[in-house]
Amino acid sequence: QVQLVESGGGLVQPGGSLRLSCAASGSIFGINAMGWYRQVPGKQRDMVATITNGGSANYADSVKGRFTISRDNAKDTVYLQMNSLHPEDTAVYYCNAAVWVGVRLGNYWGQGTQVTVSS
């Protein structure tokens, strides 16, 4: 009923920038919080940044000052602007959203997009 589709991932050099987008579609009544998470092979999935429907953002310590999360509620889309990228930022980035479908609030994930930071 709900799909989250990420885009914008790819290969970038250290110090470079990348902008990720995630668009939600389907039988959406409304969306509460949205966020970005990342996972490296062999490790758990960690929160990168979240944003409430009112625009309040929260960031992992490792990305503060470098990443910016934003959203366009009219488009059901969340963005992650990533600047000053480090090789340690290399991961699969997943979009997450708490979505109202009818009268039910559910948690949804995108399929992920690969971000590789390397020379």
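Quick notes
- Checklist (1) open to solvent by 70 Å² or more (accessible area, probe 1.4 Å); (2) modelled with pLDDT of 95 or more; (3) not in a strand (DSSP E or B) applied to residue 54, failing item: (2)
- Selection of the range 78-119 for residues being of a type in the set (Gly, Ala, Ser), touching a Pro at 6+ places or on another chain (Cβ under 7 Å) and modelled with pLDDT of 95 or more yields only 118.
- Qualifying residue in the range 58-70 (condition: closer than 17 Å to residue 5 by Cα, in contact with a Phe, Trp or Tyr (Cβ under 6 Å, 6 or more places away or on another chain) and not basic (Lys, Arg)): yes
- Lone unmet requirement of (1) touching a residue at least 40 places away in the same chain (Cβ under 8 Å); (2) over 22 Å from residue 118 (Cα atoms); (3) of a type outside the set (Phe, Trp, Tyr); (4) surrounded by 20 or more Cβ atoms within 10 Å (Cβ to Cβ) for residue 82: (2)
- No other residue among 15, 65 is farther than 25 Å from residue 99 by Cα, out of contact with any strand residue (DSSP E or B) (no Cβ under 7 Å at 6 or more places or on another chain), touching a residue at least 40 places away in the same chain (Cβ under 8 Å) and not β-branched (Val, Ile, Thr) apart from 15.
- Residues of the range 18-51 satisfying the condition of being surrounded by 13 or more Cβ atoms within 10 Å (Cβ to Cβ) and assigned to a loop (DSSP other than H, G, I, E, B): 28, 40, 45
- Residue match in the range 4-14 (condition: assigned to a strand (DSSP E or B), farther than 22 Å from residue 117 by Cα and at pLDDT 95 or above): yes
- Counted residues, the range 87-119 - those being within 15 Å of residue 13 (Cβ to Cβ) and surrounded by 15 or more Cβ atoms within 10 Å (Cβ to Cβ): 5
- Checking the stated criteria, residue 76 turns out to be under 14 Å from the mean Cα position of the chain (by Cα) and open to solvent by less than 50 Å² (accessible area, probe 1.4 Å).
The values are calculated or read from the model by the stated rules, or taken from the named source; none is laboratory data. Because the structure is predicted, anything quoted here is derived from the model rather than measured. Note that each Cβ is placed from the backbone with ideal geometry, even for glycine, and that neighbours are counted across all protein chains shown. Each accessible area value is taken on the protein alone, full model and side chains, heavy atoms only, with ligands, DNA and RNA left out. Shrake-Rupley method; radii C 1.70, N 1.55, O 1.52, S 1.80 Å.
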